[in-house]
Amino acid sequence: MIRLNSHPSGRHFLQIPGPTNVPDRVLRAMDYPTIDHRGPEFQQLGKKVLADIRKVFQTAQPVVIYPASGTGAWEAALVNTLSPGDNVLMFETGHFASLWKRMADKLGLVSEFLGGDWRHGVDAAAIGARLAEDRNHTIKAVCVVHNETSTGVTSDIAAVRRAIDAANHPALLLVDTISSLGSVDYRHDEWGVDVTVSGSQKGLMLPPGISFNAVSAKAIAASAKSKLPKAFWGWDEIIEANKNGFWPYTPATNLLYGLSEACDMLFEEGLPNVFARHKRHAEATRAAVHGWGLEILCQNPAEYSPALTAVVMPEGHSADAFRKIVLENFNMSLGQGLSKVSGKIFRIGHLGDFNDLTLMGTLAGVEMGLALAKVPHQTGGVLAAMESLRAAAAQPALRAA
Ligand SMILES: *Cc1c(COP(=O)(O)O)cnc(C)c1O
């Protein structure tokens, strides 16, 4: 393994909003010989993970698992449902929404991007208004990002569904949950989503390498007619093989061991408790940011992300210089600002395998880093976060809220 320095003692704090810290239980679960992916032992594993992952998406419908990063699952969602020249309506929440749009254009789709300021979530009313104008139903899909990882803004997906329905429009709803699944309450079936895209390395606490499409019956019907070229990504053969717990090609067996363990951990804690924990840590993080007198990038409190917090650097100070100081002094990686906000913000990931004291270590590293980097701020952010966590611990009902 490549190490830049001599061995730093203690664990690295990987506080970027994905990949996240992989828990020991998951690491151990993957540390087994790879087995025959056409044999009976694999079949049991295949059936288990396919059943487990549906619970995480809160769906009774098929979930397709790819040996790919989240970007592959984005492509799969588009090529399985759409045809060359189809119009797709997308919303500019930030960097990841922009990348998905660029991919749609590269694939020969005609994207329309409703502009955003990277500080708010999806404007469901704007989507509804645009669909209402589209009387000939030329728009075939609406694509939105649930948790915009570049900005720390979480959008209301149920509201997007209601807007599509209110416009009486048949467009498919495609949603990216790569940084929210397993951290933020997400309901594929209840919210009427047609394709939900996700990945392994964020809320699911796995290493990078597998990704998902949860699909609806309407999406499967669309896939039978869609004309974009697809071979590796095609749902049909995978869903067919999955019925018996197998894949049409070699699956990422060891990552599936990890997935099985990660799902066990999520279910042991209980998904509602997992979601409450993420909210609690996000709230304590915001208490710290306010304590430092710094600004949160997300401007709508109803859209604060439970998974990460993006912090605006005071004018004239580089977020990247600050992050470098934190890494060198405290062995902690914080998320960088991406594209439009490069150098202007830093992101604190508080998702995945995480507890109150991991959060306090993280925030202490940030506060010390701010001082070392001579970023103007008030001390007391860490104390404010401690107070927030202490208050939650003293009220178990609040912990579970
Ligand atoms: C991380 C992320 C992606 C990209 O996923 P990769 O696994 O890096 O391909 C896309 N969308 C969102 C919202 C993400 O957080």
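Here are the numbers for this structure:
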| read-out | value |
| --- | --- |
| Neighbourhood net charge (15 Å Cβ-Cβ; Lys/Arg +1, Asp/Glu -1) for E41 | +2 |
| Cα-centre dipole for the range 1-115 with unit charges at Cβ (Lys and Arg positive, Asp and Glu negative), debye to 20 | 380 |
| Accessible surface, 1.4 Å probe, highest first, among residues D320, D156 | D156, D320 |
| Bins of 10 Å from zero: percent of alpha-carbon pairs in the range 24-267 | 8, 33, 36, 17, 5, 0 |
| Nonlocal amide H pairs with I210, under 5 Å, H built at 1.01 Å | A68, S200 |
| With every protein chain in place, the range 80-231: carbon and sulfur % of accessible area (1.4 Å) | 54 |
| Among L99, L255, L82, residue whose mean-square fluctuation peaks in a GNM of the chain (springs only between Cα atoms under 10 Å) | L99 |
| Charge dipole magnitude, Cβ of K and R +1, D and E -1 - the chain, Cα centre, debye nearest 20 | 240 |
| Listed residues G258, G349, G108, most fluctuating in the chain (Gaussian network, C-alpha, under 10 Å) | G108 |
| Linear extension gain, D117 paired with T379, 0.36 nm per residue minus alpha-carbon span | 91.3 nm |
| Contour minus Cα-Cα distance for K106 and S339 (0.36 nm per residue) | 82.0 nm |
| Charge dipole of the chain about the Cα centre (unit charges at C-beta), most positive-ward option of V326, G352, G199 | V326 |
| Placed amide H near V110: partners under 5 Å, 5+ positions off or other chain | G85, D86, N87, V88 |
| Dipole axis of the range 127-181 (+1 Lys, Arg; -1 Asp, Glu on Cβ), positive-most option in V145, L181, V160 | V160 |
| Highest-first arrangement of 44-52, 170-178, where packing means the average Cβ count within 10 Å | 170-178, 44-52 |
| Of all accessible heavy-atom area on the range 250-370, the percent that carbon and sulfur account for (1.4 Å) | 52 |
| Assigned charges on the beta-carbon of Lys, Arg, Asp, Glu; the range 246-401 dipole about Cα centre (debye) | 360 |
| Solvent-accessible area per residue, Å², over the chain with all protein chains present [probe radius 1.4 Å] | 42 |
| Net lengthening on full extension, A321/K218 (0.36 nm per residue, minus Cα-Cα) | 32.3 nm |
| Percent antiparallel among DSSP beta bridges (both partners in the chain, rounded to 5) | 50 |
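The values are calculated or read from the model by the stated rules, or taken from the named source; none is laboratory data. Everything numeric in this text was worked out from a predicted model, so none of it was measured. A quick note on method: Cβ atoms are made from the backbone with ideal geometry, for glycine too, and the neighbour counts reach across all protein chains shown. All accessible areas refer to the heavy atoms of the entire protein, side chains included, with ligands and DNA or RNA removed. Shrake-Rupley method; radii C 1.70, N 1.55, O 1.52, S 1.80 Å.
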